[in-house]
Amino acid sequence: MTKGTHPATLLARPPRLRPGARVAVVAPSGPVPADRLEEGLGVLRGWGLDPVVAPHVRDVHPELDYLAGSDADRAADLRAAWCDPSVDAVFCARGGYGAHRMVDLLDWAAIRAAGPKVFVGYSDITALHEAFALRAGYATLHGPMVATEAFLKDAPTREHLRATLFEPETVLTLGPDTAATLVPGRARGILYGGCVSLLAAAIGTPHARTGARGGILAVEDTGEEPYRLDGILTRLLRSGVLEGLSGVVCGSWQECGPYEKVRAVLADRFGPLGIPVVEELGFGHGPTALTVPLGVPAVLNAPADGGRCTLTVEVPALL
């Protein structure tokens, strides 16, 4: 894929998982709590999967203790997992910070040669979702990670990911009771996005997205106060990377301040675009983190009359 590829391109989907599938767990960002990792591996085994932990998942950088080991080692783990023909999926253990540092160390030619695989993560992993889309042409899953609280403690979060992995045709529509219309309308486009601060951080970097024609943007974040969120969205708008956007779907805004103030920012920044916007669709850093397929066509329905808001993918996330 070339620099500036926009999300209207349908991306290559990987095969669904089956019992006995071998799945690799990697840590592209922050260090992983050992107890949570072991508990998460137990969940994967309970699904009939065969999880293998990459060599550096339990590492902590000797000076920068917010990183799970060196950039080179984290990149090597991800590359090795992707290029191992016996591995059917790559799950991230957690987010934090660090994917942005190592994304250019990955061998993208080798990753393209290996073909698409299931890839799951969110938060800091947004940097890798964008890279897999723009540099490899692969669809990915914005979903809960193996050593995170939502995956370990919230049954709907786990079940939605499990169904997406094994029976993706059963979870084509997202429409929790919390979802509401911020700007009414109906849109069709290719889903992309993730943690909005990571999307803004990528502006101007090599291989970054330069437009959004035909795309539906899925965004969420954590720990960004309303004025900071305003700045993040304003940067995206001023840069032109949202030009041609078809619709916006918003997830959780955990620890971003009173939600009425967050809502006001979202309405102020997205409203003038004149496209449908749905809020609180139940993905991201919240206590429930539903899985959103990225790189597939979807229809966003934001009724003006208070009816049910839905995001419906037009093809299963996995083949």
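The values are calculated or read from the model by the stated rules, or taken from the named source; none is laboratory data. Since the structure is predicted, the reported quantities are computational estimates derived from the model, not experimental observations. Counting neighbours? That spans all protein chains shown, and the Cβs are built from the backbone with ideal geometry, glycine included. The accessibility values were calculated without ligands, DNA or RNA, using every heavy atom of the protein model including side chains. Shrake-Rupley method; radii C 1.70, N 1.55, O 1.52, S 1.80 Å.
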Amide H of Val52: which non-local residues (sequence gap of 5 or more, or other chain) have their own amide H closer than 5 Å, using H built in the peptide plane?
-> Val23, Ala24, Val25
Share of accessible surface on carbon and sulfur in the stretch 203-319, whole %, 1.4 Å probe and ligands ignored, is 52 percent
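Please say if the stretch 42-156 is rounded, prolate or oblate, where rounded means a/c under 1.5 for a ≥ b ≥ c the square roots of the C-alpha gyration tensor eigenvalues, and otherwise the choice is prolate for a/b larger than b/c and oblate otherwise?
Rounded, since a/c falls under 1.5.
Using mean Cβ contacts within 10 Å as the protection proxy, how do 86-98, 134-146 order, highest first? Mind dumping the intermediate values first?
Working: 86-98: 22.5, 134-146: 25.5.
Highest mean packing first, the order is 134-146, 86-98.
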Using only the alpha carbons of the stretch 247-290, determine the length spanned along each of the three principal axes and report them from longest to shortest in whole angstroms.
-> 31, 21, 9
Helix 259-270: inclination vs the chain longest Cα principal axis, degrees, rounded to 10, gives 80 degrees
For Thr222, distant residues with modelled amide H under 5 Å away | none
Whole-Å distance linking the alpha carbon centroid of the stretch 187-202 with that of the stretch 99-144 is 14 Å
Tell me, in nm to one decimal, what length is gained between Leu105 and Asp268 on full extension, where the rule is 0.36 nm per residue of separation less the Cα-Cα distance?
-> 54.9 nm
Taking Cα pairs closer than 8 Å and at least 6 residues apart, the relative contact order of the stretch 138-284 in percent is 28 percent
Relative contact order in percent for the stretch 13-86 (Cα pairs under 8 Å, 6+ apart) equals 36 percent
Regression test value, accessible area per residue of the stretch 146-186, probe 1.4 Å, units Å², expected 45 Å²
Residue by residue through the stretch 225-242, which ³J(HN,Hα) values in whole Hz follow from phi under the Karplus form 6.51 cos²θ - 1.76 cosθ + 1.60 (θ = phi - 60°), with glycine and proline marked x?
-> 5, x, 5, 6, 4, 4, x, 5, 5, 5, 5, 4, 5, 5, 6, x, 6, 9
Working from Cα positions, state the angle (0 to 90°, nearest 10) between the long axis of helix 34-46 and the longest principal axis of the chain.
-> 90 degrees
So what is the accessible area of the stretch 4-87 per residue, in Å², with the probe set to 1.4 Å?
-> 45 Å²
Return the distance in nm (one decimal) between the two label points of a simple spin-label model at Arg22 and Arg238, each offset 7 Å from Cα along Cα→Cβ.
-> 5.0 nm
Report the charge-dipole magnitude of the chain in Debye, nearest 20, computed about the Cα centre from +1 at each Lys and Arg Cβ and -1 at each Asp and Glu Cβ.
-> 920 debye
To the nearest Å², the heavy-atom accessible area per residue of the stretch 201-307 with 1.4 Å probe amounts to 39 Å²
Rounded to one decimal in nm, the spacing of the 7 Å Cα→Cβ label points at Asp177 and Glu260 is 2.3 nm
Cα-based shape type of the stretch 110-265, given that a ≥ b ≥ c are square roots of the gyration tensor eigenvalues and the cut on a/c is 1.5 | rounded
Which listed residue (Gly306, His285, Leu242) has the Cα farthest towards the positive end of the charge dipole for the chain, taking +1 on Lys and Arg C-beta and -1 on Asp and Glu C-beta about the Cα centre?
-> Leu242
³J(HN,Hα), Karplus 6.51/-1.76/1.60, whole Hz, each residue of the stretch 199-206, x for Gly, Pro = 4, 5, 5, 7, 4, x, 8, x
Ranked from highest to lowest mean number of other Cβ atoms within 10 Å per residue, what is the order of the peptides 46-58, 121-133, 207-219, 20-32?
-> 121-133, 20-32, 207-219, 46-58
Relative contact order %, the stretch 148-231, counting alpha carbon pairs below 8 Å whose residues are six or more apart | 24 percent
Taking only DSSP H segments of four or more residues, each worth -39500 (n - 2.57), what value at 222 nm results for the chain once the sum is divided by all its residues, to the nearest 500 deg cm²/dmol?
-> -8000 deg cm²/dmol
